[in-house]
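What follows is a single structure, written as structure tokens, with notes after it.
Just so you know, all these numbers are worked out from the coordinates, no wet-lab data involved. Computed from a predicted structure; not experimentally measured. Heads up, the Cβs are rebuilt from the backbone with ideal geometry, glycines too, and the neighbour counts pull from every protein chain shown.
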Amino acid sequence: MTDDRGRRYLDGVSSLWVTVHGHREPALDRAIRRQLGRMAHTTFLGLTHEPGALLAAELARLAPRGLRRVFYSDNGSTAVEVALKMAFQYWAHEGEKRPEFLALSQSYHGDTLGAVSVGGIRLFHHAFKPLLFTARFAPAPSCYRCPFRRKESAGMLRGIEERSLRPKPGDRRAQTACRWECLGGAERILKARRGRLAAAVVEPVVQGAAGMLVQPPGYLKGLELLCRRYGVPLIADEVLTGFGRTGTLFAVEREKVIPDFLCLSKSITGGYLPLAVTMTTEKIYRAFLGRPEEFKTFFHGHTYTANPLACAVARENLKLYRQRRLVEALRPKIVRLTEFLAGLRDRAHVGDVRQAGFLAGIELVADKRTGRPYPVTARVGHRVCLAARKRGVWIRPLGDVVVLVPPLGISMKELERLLRGVEDSIVEVTEGEPA
């Protein structure tokens, strides 16, 4: 990116986690121009159009098995909002009143009121509490600050016998304890509120806005199995993690999880235009079919739902994924990011580094031994980002967590520049040694 004084910056956060190939990708530019030559916008209510229909068919081919029905909206919050409302109305059509949801503490699903209701970050959500519906929050499996991290996993979840969920050789004890204790917290809610929960909603693998909190291996699969046991649909919010960010096309693929709803946005258009999708199963879709006088319709729509420009650029974006084998091409970049993060662990004020694929968070602390954070007034994360800006690198913090979300198409040379700028900036701010 270039500012008004001609200074150039490398975008290290994909312009809030959306940019895939970089800015001004010629193929995406051309796709929008082609569609502009046909039509810029028409409603999708009572009509259809080629870009929207073809994109939906392609997404149905790419998504996890069984997710064949596509509902369009225009941003990540509304993708989640649609899933929540659809789950609630599904149970109403089934003759059940289920007004509650299961979510995770430290979760973030957007800023509309339904998404806020299932959000667990006090700073973002507490002020709106009087406006919200009921959500039950299970503990977030964040191993660094997990209250169970010093426990052994003595009480495995009773009744779950799936071998894939048993602790594996080489599992760190902290991860094992965190996984099982946090799944136990979710199971207690599922058991106590069964018949009241419309769905469980989770950010698969990574809780982004909470500071890139990475779930221990096996947690996501365990949550899916618990939801199946207690008859609660699972909503996977892949607004951040979808389209390759975690090293697989969808994060749920890492543990062979098949949700009942899949929420997608951000990277779907390569970072060009707002577009969002909520995908669901044939079973849920068919619950909304009926005679006109039954009024089973899902009455939810947006003016710019399935905007043709956005759908056209999304189709071209997915074409580039195929042609460039973008997810496979990430592997050496992920390895390099892993090496970089390992080298940061010994820095005096790096408390924790967290990574899932091409997503990373570097938590800076005042006391490495105890994990004591810096005072809020120190604004350490903010100062690191300002120091990086001087080096021509644009990043944004989450508190004192330095976040790295590089565009998937970044070159190895650009990646080295990004990582060097981040490390030098951390050293300058936390150790007082300008680099």
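A few notes on this one:
- Over the chain, DSSP H runs of length four or greater, each weighted -39,500 (n - 2.57), average out per residue to a 222 nm ellipticity of -11000 deg cm²/dmol.
- Here the chain yields Rg over Rh of 0.97, to two decimals, using C-alpha coordinates and the Kirkwood radius.
- Dipole orientation for region 36-92: of the candidates ALA60, LEU47, LEU84, ALA60 has the Cα lying most toward the positive pole (charges on Cβ; Lys, Arg +1; Asp, Glu -1).
- Region 248-330, dipole about Cα centre (Lys/Arg Cβ +1, Asp/Glu Cβ -1), debye to the nearest 20: 260
- Eligible lysines near LYS333 by straight Cα distance, threshold 25 Å, same-chain separation 8 or greater: LYS256, LYS266, LYS319, LYS390, LYS413
- Note on the chain: antiparallel DSSP beta bridges, both residues inside, total approximately 65 percent of the bridges counted.
- Using the Cβ of LEU59 as centre and a radius below 11 Å, the other residues enclosed give a net charge of +3, where K and R count +1 and D and E count -1.
- Look at VAL402, VAL257 and count the other Cβ atoms within 10 Å of each Cβ; fewest to most, that gives VAL257, VAL402.
- Take 9-16, 43-50 and order them by the average number of nearby Cβ atoms within 10 Å per residue, most first; the result is 9-16, 43-50.
- As a proxy for reagent exposure, GLU238, GLU58 were ordered by neighbouring Cβ count within 10 angstrom, fewest first; the result is GLU58, GLU238.
- Sorted by Cβ neighbour density within 10 Å, fewest at the top, the residues MET39, MET86: MET39, MET86
- Rounded D (µm²/s) - region 304-368, Kirkwood Rh over Cα pairs, Stokes-Einstein at 20 °C, 1.002 mPa s: 147
- Net charge dipole size for the chain [Lys, Arg +1 and Asp, Glu -1 on Cβ; Debye, nearest 20]: 640
- Amide hydrogen proximity for GLY211: with H placed 1.01 Å from N in the peptide plane, no residue at 5 or more positions away or on another chain lies under 5 Å.
- Contact order relative to length of the chain, as percent, for alpha carbon pairs under 8 angstrom and 6 or more apart: 23
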